[in-house]
Amino acid sequence: MFPKKELAQMVISACHQFDVDIVVISPGSRNAPLTIGFSNHKEIETLSVVDERCAAFFALGIAQQKQRPVAVLCTSGSALLNYYPAIAEAFYSNIPLVVISADRPKHLIDIGDGQTIRQENIFENHILFSANLVENSKLKTQNSKLISEALQIATSQKGPVHINVPFDEPLYETVGTLKNFHFPKISSNFLENSNINYDDLSKIWNASQKKMILVGVNYPDKALHKLMDAYSEDDSVLILTETTSNLHHEKTINAIDQLIFSMNHDEFLELRPDILITFGGMVVSKRIKKFLRTYSPKHHWDIDKQKATNTYFCLSEFIQTTPINFFSNFNLRIQKSQSKYQQKWLDIRARRREKHKAYLSKVEHSDLKVFEQILQSIPENSMLQISNSAIIRYAQLFSIKNSVNVFCNRGTSGIDGSTSTAIGAAFASKKQTVFITGDLSFFYDSNALWNKNIPNNFRIILVNNSGGGIFKIIPGPKTTNAAKYFETPHCLTAEHLCKMYNFKYKKAHSKETVAQELLDFYTTSEKPKILEIFTPSSKNDTILKEYFKYIK
């Protein structure tokens, strides 16, 4: 059974031809032709998620893991607007998300018809391509070209596209077969730069004694990991990696703030590199951003296939290619240098680590101590999803097992869809997925649990400090008389949500109970689990501030 409407058939056929084989559908009437067609296509998997905001982040999590386009489908009107947070995240995180919206025909827009808004180009500031289709058989070629371009751009440029599909009534008429359509191959208007001057770059590199490589959000890649290992053995190179970089080596700095938090002016001058190479997505550490903006390197080379990111206000070379392509060529031309640059900072890191260990051994129950316990407990070869705000910042202070892949929505750094994204990733992955979240992020996205596609081995660890803990850490909010509006204190718990959504619920409120509950938290179960850990809101910020003083 397929929709009678030709335009719906065309969209469905194009998705199949261009390998969009998962569609997350939210209910509605105007999108009925597409819902009927997708759900009856034998080679397209359809998933139902009611809340459009959750649906879009759920699809984003699947696309994050699959590394190929996943579609979301909704009805007309405000339903479409709920996709926007996930679209913005996909835009800044280079995740291929295909947004398909049903719409009213143009003659029904702005005349007072129900469930109708101006949908064409509605995401123009955060979308790679908008295909505004027309329900007119005379414009079949135009529609075909627009759909083709949208789907091919999503794949080649790794980002969100929007296909707006207007339908007039009737909406539920069906036929027995799907027509064959031809969709042209279209240039995505993206060309990788093949004129990189490796000789000039290597001369600058070989003449420098202080080189820094800073890696942001990065999908796990064994080939890239192998290429990067060589730099760890060069005494003149210091590699800084974030938790989300998924790159590991004993000679990399994997807790950046731990190293640089208490540095003085002279130390910053010594740390300042001659050359800074950056690649990957957004960087969490505000301190490394401030350092590199204040103490600018002589050369900053940013490697990216699509766009230059001048995060540190000193970009001198945009290397438009993939990190693997660049380092594969660059490594053939460079030489190791004798330098004390790397070892000096590794020695400081070693001292910081010893103090870190000593402080954690005696610190009382708190957010900081809880993170030590949680991260030590994460199973080998699992996937770790982390929410934003204070949660990702605490995670950055610890080492995470090399076999664990780490992800976080750092494109826009929002708390709004972290749970939904983690569930999508868990659905797409064969690995056990553990999601660490804060209370505001969890309750804000609690509709994420309204999803029948959650694997039984999915685990949520909810660190509940009864409000927005980040606003007690950062300077500013406490100096005002509006602290309660920043911190938003509450007395909510996840216990009743677990009953409603059929999660197994456990709770802990001390070092001893956390350790006890973690013992069997990851074991096989017939339903997903949540461990809610309550921490002292009044002490967490003081303990963290004392930590940074102690490790100096």
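The chain: longest stretch without exposed GluC sites (Glu not before Pro) (DSSP loop, at most 10 other Cβ within 10 Å), sites themselves excluded? No qualifying site falls inside 44-249, the longest such stretch. Across region 251-265, the residues whose backbone nitrogen lies under 18 Å from the label position 7 Å along the beta-carbon direction of LYS355 are 253-265.
Here the Karplus relation 6.51 cos²θ - 1.76 cosθ + 1.60, evaluated at θ = phi - 60°, turns the backbone of region 504-514 into coupling constants of 7, 10, 9, 9, 8, 8, 7, 4, 5, 6, 4 Hz, with x for every Gly and Pro. By other beta-carbon atoms within 10 Å, ranking CYS314, CYS408 with the fewest at the front produces CYS314, CYS408. Phi angles across region 55-64 convert, under the Karplus curve 6.51 cos²θ - 1.76 cosθ + 1.60 with θ = phi - 60°, into 3J(HN,Hα) values of 4, 5, 5, 4, 5, 4, x, 5, 5, 4 Hz, Gly and Pro given as x. In this structure the amide hydrogen of SER48, modeled in the peptide plane, comes within under 5 Å of the amide hydrogens of ILE25, none closer than 5 places in sequence on its chain. Test of the criteria: in region 365-467, which trypsin sites (Lys or Arg not before Pro) are in a DSSP loop and have at most 10 other Cβ atoms within 10 angstrom of their Cβ? For trypsin sites (Lys or Arg not before Pro) across region 365-467 that sit outside H, G, I, E and B with at most 10 neighbouring Cβ atoms in 10 Å, the list reads LYS430, LYS452.
To the nearest 0.05, how large is the calculated FRET efficiency for GLU380 and SER137 if R₀ is 35 Å and r is the Cβ-Cβ distance?
Numbers: r = 57 Å, r/R0 = 1.64.
The pair GLU380/SER137 has a calculated efficiency of 0.05.
Here the gap between PHE268 and ASN121, fully extended at 0.36 nm per residue and compared with their Cα-Cα distance, gives a gain of 48.3 nm.
Note on ALA207 and SER538: the model spin-label points, each 7 Å out from Cα along the C-beta direction, lie 6.2 nm apart.
The spacing between region 493-543 and region 74-131, judged by their C-alpha centroids, is 38 Å.
Each residue of region 452-460 is assigned a 3J(HN,Hα), and the resulting list reads 7, 9, 7, x, 5, 8, 6, 10, 10 Hz, derived from the Karplus form 6.51 cos²θ - 1.76 cosθ + 1.60 (θ = phi - 60°), x at Gly and Pro.
Taken as Cα centroids, region 238-254 and region 321-398 sit 6 Å apart, rounded to the nearest whole angstrom.
Listed by Cβ neighbour count within 10 Å, with the fewest neighbours leading, LYS340, LYS506 appear as LYS340, LYS506.
Rounded to the nearest 500, the 222 nm mean residue ellipticity of the chain from helices alone is -11000 deg cm²/dmol, with -39,500 (n - 2.57) taken per DSSP H run of at least 4 residues. Shown here: volume of the Cα convex hull per residue in Å³, derived from the displayed model; of the candidates (1) 151; (2) 186; (3) 162, it corresponds to (3).
Values in this text are rule-based calculations from the coordinates and carry no lab data. These figures come from a predicted structure and were not determined experimentally. For neighbour counting, all protein chains shown are included, and Cβ atoms are generated from backbone atoms with ideal geometry for every residue, glycine included.
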